[in-house]
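Reading through the structure tokens given below for one structure.
The values are calculated or read from the model by the stated rules, or taken from the named source; none is laboratory data. These figures come from a predicted structure and were not determined experimentally. Neighbour counts are summed over all protein chains in view; Cβ atoms, including those assigned to glycine, are modelled from backbone coordinates with ideal geometry. We work out accessible area using only protein heavy atoms, side chains counted, and drop any ligands, DNA or RNA first. Shrake-Rupley method; radii C 1.70, N 1.55, O 1.52, S 1.80 Å.
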Amino acid sequence: MQETTKDILKKYINFFKEREHVEIPNVSLVPKNDPTLLFVNSGMFPLVPYLMGEPHPEGDRLVNVQRCVRFEDIEEVGDNRHTTAFHMLGNWSLNDYFKEKQLEWVYTFLFDVLKIEPAKTYASVFSGNKDAPRDEDTLKILKKIFSDYGIDPVENERIFFREEDNWWQRGDTVGELGGPDSEIFYYIGDKEIPDKALDPSKDEDILLEIGNSVFMEYVKTENGWKRMGRKNVDFGGGLERMALVLQGKNDIFETDNFWPLIETLENISGLSYGESIESTRHMRIIADHVRSAVFLVMDGVEPSNKDQGYILRRLIRRIVRSGKSLGLDREISTELASLVVEMFKWLYPELEEKEGGIKEVFQKEEKRFRRSLKRASKEIEKYLDQLSQKASEEDLAKQAFTFYQSLGYPEEIFLEDLRERGVSFDTRKFYEIYQDLLEAHKERSRKSAAGRFKGGLADSEENTVKYHTATHILHEALRRVLGDDVEQKGSNITSERLRFDFSFHRPVTEEEIIQIEGIANSIIKSDVPVKSKIMGSKDAIAQGVNFLSNEKYGDKVKVYFVGESLEKSYSKEFCGGPHVDSTGELSSLNIYRQKKIGRGTIRIYAKFDL
Ligand code: SER
């Protein structure tokens, strides 16, 4: 019978327990006391103080498995190996055993216990730099190990030297720990044995890294990396990747960690996995994201527009979008989340107890997102109505990208819409341009987030749309309380709050603020529709539509109004949108700050009550 992930884990933990390791509990994916890290991304994360010298209550030899999330490569998910969540097998020596024992044990575990083939196994070693010498000890030990298993340990054919790729450090600030490491690679190509010499730096498709022993004896100082006088070992092994090897696959999604999800997707979509590149990609995205999202909810994360909550929201939304691309137009995430609970309750018994709550989170978020997709379709209808039959691929790609960014509308669905309307275009050309836009965007968001979390994201369409509508309502409330002198001077909206600048000769009093909030909130509570209309700009101005006097408008303008009709509206403004469909979707608004900026201009900040 094939080795299950559960068997592999059990064997690993037992192997190290037999060698005097104590199994330590794993921790929540949400780091405690580390605002620089969004998710726990390696097993050593909670052990930093002990690696530095604090005595660990369980001793100097530790072992466990830790769930990890690395969301930086979320866009890469869809190939045969990238996943956002994975499990890291870990064993540690806190200044106890070092290179010799670690390498002997880890290869004994792989070759004798798991029985992976030495002939398909490759290793890498640190080549040295100005801070630390070439790792001759590791080379010597590895040569002996490979020879003992009948493999000629030829340098640069079996054992590779690398510099940066074989140095592991958690971060780059003074005080961080690091050291040379030695990675283990396994050949997962189609052939019995590889038919050419392989190199882990070049043959990434067929050489899979399955584990890494870090010899953590360095600490970062003002003057580079220095030995800290402690010889630690930090081993990290990819549990799912080991399952891939032992289950004879070359696709992580075909292991027992994902396969039941893929099968369910095949059943409900009627499509076959592997049949087309696109549907395979979407099935992988869904399977990966459902699993990560369940683990996140299990660890107490709730969808929101910030930090961990935002990643969760993004994962669930991508599930829905990829589902749409598979032609699944009904709610899917709850059923799949239940399946994840079923699949992983052996590892996380608490999942069973939490299942109800987890399903609720998925259901609510999916529903919410489906609502915004529906709202997006209206915008898209409008766009399609005025589109000519032959638009350039560049225009279409730009538009698709804008819809994706602002409304979360999937580009492939947009293409379907275009085809339905008989708009002709060259799909290949479209995707070339679209991919370029996407790449440029990814690059920008990577850069902008790099300072905060090593990845990070900063987009939150739904709340931003809400604040946008709230800004119109607030503008109207200000005019009603403070008079027609109030004129918008500027506004700035984030997913967290709105900021509004307007002309007024003095600060607003406490009493006036209460009145303004009262009017805005009564409009919100009345749940009136928000509509738009294209009008001649002169006509609109004549009808009292608000506009920015310092802005230029064309002959025809789009007017958004809050109310059943323009004549009977609560607010009417020149605006490109988007807005919510109805004010009932907003929470009540609270003005929490004001300041005077320059002569005759007041700035106020407002946000929704939770
Ligand atoms: N810390 C190392 C890694 O993340 C080994 O556990 O790869």
Check: Can you tell me which residues in the stretch 194-211 are assigned to a strand (DSSP E or B), within 16 Å of the ligand (Cβ to nearest atom) and open to solvent by less than 20 Å² (accessible area, probe 1.4 Å)?
Finding: Leu208, Ile210, Gly211
Check: With Arg70, Arg81 as the choices, which residue is touching a strand residue (DSSP E or B) at 6+ places or on another chain (Cβ under 9 Å) and open to solvent by 40 Å² or more (accessible area, probe 1.4 Å)?
Finding: Arg70
Next item on the list: Would you check if Ser147 is among the polar types (S, T, N, Q) and under 18 Å from Leu207 (Cβ atoms)?
Entry: no
Margin query: From the list Gly59, Gly78, exactly one residue is touching a helix residue (DSSP H, G or I) at 6+ places or on another chain (Cβ under 8 Å), more than 15 Å from the ligand (Cβ to nearest atom) and on the phi > 0 side of the Ramachandran plot. Which is it?
Written below: Gly78
Notebook entry, point to check: When you go through (1) in a strand (DSSP E or B); (2) in contact (Cβ under 8 Å) with a residue 40 or more places away in the chain one by one for Phe161, which number turns out not to apply?
Noted result: (2)
Check: Is there a residue in the stretch 119-141 that is within 16 Å of the ligand (Cβ to nearest atom) and β-branched (Val, Ile, Thr)?
Finding: yes
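Only one of Leu271, Leu246, Leu296, Leu315 is closer than 27 Å to Phe45 by Cβ, over 24 Å from the mean Cα position of the chain (by Cα), in contact (Cβ under 8 Å) with a residue 24 or more places away in the chain and more than 16 Å from the ligand (Cβ to nearest atom); which?
Leu246
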Note to self: Suppose the filter is open to solvent by less than 20 Å² (accessible area, probe 1.4 Å), within 24 Å of Tyr12 (Cα to Cα), in contact (Cβ under 8 Å) with a residue 60 or more places away in the chain and away from the ligand (no atom under 16 Å from the Cβ); does Ile184 pass it?
What the structure shows: no
Margin query: Just checking: which of the helices (runs of 4 or more DSSP H) contained wholly in the stretch 306-415 hold 1 or more residues that are within 28 Å of Thr5 (Cβ to Cβ)?
Written below: 307-325, 333-344, 350-385
Checklist line | Members of the stretch 249-268 found to be aliphatic (A, V, I, L, M) and either within 16 Å of the ligand (Cβ to nearest atom) or open to solvent by 10 Å² or more (accessible area, probe 1.4 Å) (or both), listed by number | finding: Ile268
Item checked: Extreme residue, nearest to Ser201 (Cα to Cα), among residues of the stretch 150-173 that are open to solvent by less than 40 Å² (accessible area, probe 1.4 Å) and within 16 Å of the ligand (Cβ to nearest atom) -> Arg162
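Looking at the stretch 523-546, which of its residues are closer than 30 Å to Asp609 by Cβ, open to solvent by 40 Å² or more (accessible area, probe 1.4 Å) and at pLDDT below 90?
Going residue by residue through the stretch 523-546, those that are closer than 30 Å to Asp609 by Cβ are 523-532, 545-546.
Add one more test, that the residue is open to solvent by 40 Å² or more (accessible area, probe 1.4 Å), and what stays is 525-527, 531.
Passing the criteria: Lys525, Ser526, Asp527.
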Next item on the list: Give Leu336, Leu351, Leu347, Leu415 a once-over and let me know the one that is hydrophobic (A, V, I, L, M, F, W, C) and either in contact with a Gly (Cβ under 7 Å, 6 or more places away or on another chain) or without any contact (Cβ under 8 Å) to a residue 24 or more places away in the chain (or both).
Entry: Leu415
Next item on the list: Just give me the residues in the stretch 39-56 being within 14 Å of the ligand (Cβ to nearest atom), surrounded by fewer than 20 Cβ atoms within 10 Å (Cβ to Cβ), of a type in the set (A, V, I, L, M, F, W, C) and at pLDDT 90 or above, in sequence order.
Entry: none
